[in-house]
1. Please list, in order along the range A:317-322, the HN-Hα scalar couplings obtained from phi with the Karplus expression 6.51 cos²θ - 1.76 cosθ + 1.60 (θ = phi - 60°), rounded to whole Hz, x for Gly and Pro.
2. Which residues' amide hydrogens lie under 5 Å from the amide hydrogen of residue A:391, considering only partners 5 or more residues apart or on another chain, with H built in the peptide plane?
3. Express the relative contact order of chain A as a whole percentage, based on alpha carbon pairs under 8 Å and six or more residues apart in sequence.
4. Pick out which of B:48, B:71, B:14 has the largest mean-square fluctuation in a Gaussian network model of chain B, springs linking Cα atoms closer than 10 Å.
5. Please build a GNM for chain B, connecting alpha carbons under 10 Å apart, and tell me which residue among B:50, B:21, B:76 fluctuates the most.
6. Within the range A:114-151, which residues have the backbone N less than 20 Å from the label spot 7 Å out from residue B:61 along Cα→beta-carbon, could you tell me?
7. Does chain A classify as rounded, prolate or oblate by the C-alpha gyration tensor (a ≥ b ≥ c root eigenvalues; a/c under 1.5 gives rounded; else a/b over b/c gives prolate, otherwise oblate)?
8. Over the range A:141-197, what is the mean sequence separation of C-alpha contacts under 8 Å (at least six apart), divided by residue count, expressed as relative contact order in percent?
Amino acid sequence: MMPSPSDVQTLTQLSYLAAAALFILGLKRMSSPRTAVSGVRWAGAGMVLATVVTLAFMGASSFNLLLVIGAIAVGGILAWVSGKRVAMTDMPQMIALYNGMGGGAAAAIAAVQLYRGGEHGLVHLIIAAVGGFIGSVSFSGSLIAFAKLQGLITKSVRFGGQKFVNLAILLVTLGLGFLVVAGADSGLPLAGLPAVSLFFASSLLLGIAMTLPIGGADMPVVISLYNALTGLAVGFEGFVLDNAAMIIAGTVVGAAGTLLTQLMAKAMNRSLGNVLFSNFGESSSAGGAGVTGSQKAIEASDAGVMMAYSQKIIIVPGYGLAVAQAQHKVWELAQLLIDHGVKVRFAIHPVAGRMPGHMNVLLAEAGVPYDLISDLDEINAEFETADVALIIGANDVVNPDARANRSSPIFGMPILNADKAKNVIVIKRGQGQGFSGIDNALFVLDQTRMLYGDAQAAVSQLIQAVKAAG
Amino acid sequence: MIDGVIALYIFMLAAFTGYEVISRVPVILHTPLMSGSNFVHGIVLVGAMVALAAADSTLLRVIGVIGVILAAGNAVGGYVVTERMLKMFVSAGKKQGS
């Protein structure tokens, strides 16, 4: 017996309802470490359910069905392989890439709807166009973010009047959007197919132009923002397609992503407007003007002895640790020190690594237990009682200028008070400035010693030195 | 099927839900959760599939195929990296407990 069309319709909608519920429950479970893995599996089950039911009942011609299955296979296999292979340190840009793909897909749905034109009412066209615009910006912007974090684009393109150029692109896009919605029979120039194509081209251009000037340090906030935007675009296209699962999942992600973006911006003491429009990130050398004094080097053997006979050590890991893949070595060093009777803690700045929580992921990968890891509020009072603060590849997040120097570009950013420790050992690749291009007052303090070298090699030397001292 | 005002209600309730689900999350889970929410909007796949299924010209088929490839990448890639990240938290937690 063949199911009737209305039965199929109801069945499909019910499966979408179940998928939406699974997504929300899954996200809920993902927000606690104990239930997190089951959370992503619940959400995954929802995705499989919605996809299979759609595939079975969407009523495509056999040629289109073949295209659908082929496209799923191509996209799915490429993403599966790349997702399995990527190193934990490269996670942020992979998230940016997959997120951009979602935005592109939403834009593609919008394009199909808009090229069809007249079949829809005005409200549907407007929402399709808005979703298409947001999706396109998220697509091209995320690809730029990916390219920057991956090191494919190393320069931030900036020129005078850039904001006005971006504003001009935005206005042109809005104008084209108006022509798109007005439709082919409005008699306006370009209206119809040319306007639709130009509308998407202009939206994509805006995403590129917006993201190019943003410095690498701000990328996590930008990726999070584009994640929220993709969610929103998916929600809008869900409305156009009468698809409740897309509306609910997209909007939930849009709201959650917006909150997450705010949390990240707050952790860096920057407003979102500031991130998008102030060209921070690698510009100013002016901020470093106040730093005078010279850096004092130390040998690994001396540093190892100092650490082996300490009571309490606070380790501050930063992006340099992630780049050098030194998280396993650092945990080995910490265990060795714990065996020596040293009290060891890890202090994590909210934006350590490339995203909030990224450093926790890396330390978890190395097997560091949660209870040794403290966030900024918990640990800051403890630096005064620490014999050694070991800074590994972190820079701006321990720069005391953020507390003291009003002229510093990072003034006001919450930092880890590593300068309050009795001794500070900084593992750093060279004497240069950090990611944001700002000189660090911590490095020239009297109690600070610099241990130059790649984080992995330097920590290995420290392990040898502590063993020798023991 | 989904009336305009009803759609607005869905938007509103879903937005509050998203906000509430995230608001009590410890910092250590921010990156995995962002990755997880990135996976969830991979549901755009069903929309792209429907759009491609209804395509009746070469232009629409090309756009549809691109859309489905991108959406499948979002869904599958998002799932794989999220699961990988979250699995590490489980193993770290077990070590701590034992």
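1. x, x, 4, x, 5, 5
2. The list, which skips near neighbours in sequence, is A:316, A:425, A:426, A:427.
3. On the way: 791 pairs, mean separation 64.6, N = 470.
RCO, chain A: 14 percent.
4. B:14
5. Result: B:21 has the largest fluctuation of those listed.
6. A:114-117
7. On the way: a/c = 2.94, a/b = 1.78, b/c = 1.66.
Prolate shape, in that a/c is at least 1.5 and a/b is the bigger ratio.
8. Numbers: 24 pairs, mean separation 11.5, N = 57.
Worked out over the range A:141-197, it gives 20 percent.
Every read-out reported here was derived from the displayed coordinates using simple, explicitly stated rules and does not represent laboratory data. Just so it is clear, the model here is predicted, and its values are computed rather than measured. A quick note on method: Cβ atoms are made from the backbone with ideal geometry, for glycine too, and the neighbour counts reach across all protein chains shown.
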